[in-house]
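A short worksheet on the structure shown next.
The values are calculated or read from the model by the stated rules, or taken from the named source; none is laboratory data. These numbers come from a predicted model, not from an experiment. Cβ sites come from the backbone with ideal geometry, for glycine too, and all protein chains shown count toward neighbours.
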Amino acid sequence: MAATDGKTIPRGLILLAVSLCTMLYAVTATIVNVVLPQLQGALSATPEQVSWVVTLNVIATAVATPATGWLVARWGHRDVIIWSILGFSFSSLLCATADSLVPLLIYRIGQGAFGAPLVPLAQAIIVAVYPPERRAFAQGIFGVAVVIGPAIAPALGGYLAETYNWRFVFILILPMCAVTLVAVWLWVHDTGSRSAANLDWSGFLMFSIAITCAQLMMDRGDRLDWWESYEIWGYLALMGVALWVFIVHTATTDRPFINPRLFRDRNFSIGVLLVFVYGMLNITPTVMIPTMLQNLMGYPDSMIGILLAARGAGMVVGFFAVAVIGKLDPRIGMIIGISAIGISGWNMALFNLDVAPLAVALNGVLQGFGSAVMWVPLSIVAFATLEIRLLPDASSIFHLLRNFGSSIFISVSVLTVSRTGRISYSELAENVTAFGETFRLPQATGMWSFDTVQGLAAFGSEVNRQALMVGYTNSFALYALVSFAAIPLMLMVRIKP
């Protein structure tokens, strides 16, 4: 890649520009989570509905990511990145103006769709610009740069949300978009020829319909009482038809949307399963922790932002640790990373309503460390034995499944909190009676009382709070279980001699 005036642009400036692109998307994926509790109140949404602010953004990214190769073939890296940043900026501005949940969800879908090409294109440009012997160094700098934004942004976003309101979280993104756009405009240029490549639109549409229906089933199922609802049956039927048409079309067309030859490679097949698990584990805590801390424990937005930033600090430490761990068998790095994530999940499953902020922060650091340590060897192993000509398609599928894993597991975790919380409420309420010995002691009951409306309301609120905490600990236990269950898959990876 060279400048239009013929002078070669220093690789460091190109690396900075593409790092800013990925940082932009990464910041958006984390900073909004800080204000989910505030959005719930401001937009009169339930916890399940407000989680769509994250899941629909992620699913839009997952759907749009595989189209990146087609976009680049027709318009080139530079134009695709520039238009993606412009669309992303406009969507962010619209998010700040939303006055109800539905428009906000539509604008968040726009953010996800326009932001989808940024990460795969950034990685592709680094591979194109840096020679093989310098790529590890470039990826290390790239990784550190990318996590700095998510490490700082939640704390800053939490402060702005608490001082002003949730809209400033989206306004904060706009100056970053402007800086990134200028950097790309100055330093990223195309030298290769473009082609009128054809996108398999039939496969793309069928695949998009299938994963969108799957997401809607998970998000709406509990609210609509699952199989008692014709809407859920409709999603299931449409998903089944779309998936069947997609499979048949893929098997019979010459240039399918997803190349089935990719899955003949053992490492890549295992790698996409692992990156699906990685996606499940990577974002979910940043969605669950803020709502738990504010709704059940009354934490302010600024404190929640600081606690989420601890995870970013752990990722910075993890990327530096990769420099040492990377010299070992990549399976060791992946197992160390997933084990750290699993241990943090198990620790969170032991949380109660009196959990200290330091405990939340330390587990965030552990999660961030594990995510960073796992990501680098996972990325290397998944593509290690693939043919070079298959790498663009493989990268798209890799990132698609990572994003899809995130959106699905967020929905599963919210469902776990809601459903097990209701079950726990029923069990706890059965044991709360005016005849209990404890409730005869004023010093034990405080403002709780069976004799006044206010006392009963306070009692019901506390039982609900305790029940929801049980739901959250169940979701964290599931998080830990998924982490440890992935370890046998890592042992099946074949190391290139």
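For the residues V322, V365, the requirement of being within 20 Å of the chain's Cα centre (by Cα), buried (at least 17 other Cβ atoms within 10 Å of the Cβ) and in a helix (DSSP H, G or I) singles out V365.
Restricting attention to region 464-493, the residues that are out of contact with any Lys or Arg (no Cβ under 8 Å at 6 or more places or on another chain), farther than 23 Å from Y425 by Cβ and part of a helix (DSSP H, G or I) total 9. Just checking, does region 380-387 include any residue being at pLDDT below 90, polar (S, T, N, Q), assigned by TED's automatic domain parsing to the domain that holds V493 and outside any helix (DSSP H, G or I)? Looking for residues that are at pLDDT below 90, polar (S, T, N, Q), assigned by TED's automatic domain parsing to the domain that holds V493 and outside any helix (DSSP H, G or I), one finds at least one in region 380-387, hence yes. Annotation for region 337-349: at least one member residue is free of Cβ contacts under 8 Å to residues at least 40 places away in the same chain, buried (at least 17 other Cβ atoms within 10 Å of the Cβ), in contact with a Phe, Trp or Tyr (Cβ under 6 Å, 6 or more places away or on another chain) and not assigned by TED's automatic domain parsing to the domain that holds P154. Checking S84, S44, S100, S89 one by one, the residue that is under 24 Å from F404 (Cα atoms) and either at pLDDT below 80 or surrounded by fewer than 24 Cβ atoms within 10 Å (Cβ to Cβ) (or both) is S89 and no other. Inspect all residues belonging to region 325-344 and state whether any of them is within 30 Å of R255 (Cβ to Cβ) and among the basic types (K, R). Taking every residue of region 325-344 in turn, none turns out to be within 30 Å of R255 (Cβ to Cβ) and among the basic types (K, R).
Answer with yes or no whether L216 is in a helix (DSSP H, G or I) and modelled with pLDDT under 85. When the stated conditions are applied, L216 passes them. Being over 14 Å from the mean Cα position of the chain (by Cα), surrounded by fewer than 22 Cβ atoms within 10 Å (Cβ to Cβ), on the phi < 0 side of the Ramachandran plot and hydroxyl-bearing (S, T, Y) is a description that does not apply to T68.
Residues checked against (1) over 21 Å from W201 (Cα atoms); (2) of a type in the set (F, W, Y); (3) not assigned by TED's automatic domain parsing to the domain that holds L205:
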| position | (1), (2), (3) |
| --- | --- |
| G240 | no, no, no |
| V245 | no, no, no |
| F268 | yes, yes, yes |
| G271 | yes, no, yes |
| F276 | yes, yes, yes |
| L281 | yes, no, yes |
| T284 | yes, no, yes |
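Being at positive phi and either outside any loop (DSSP other than H, G, I, E, B) or surrounded by fewer than 20 Cβ atoms within 10 Å (Cβ to Cβ) (or both) is a description that applies to G76.
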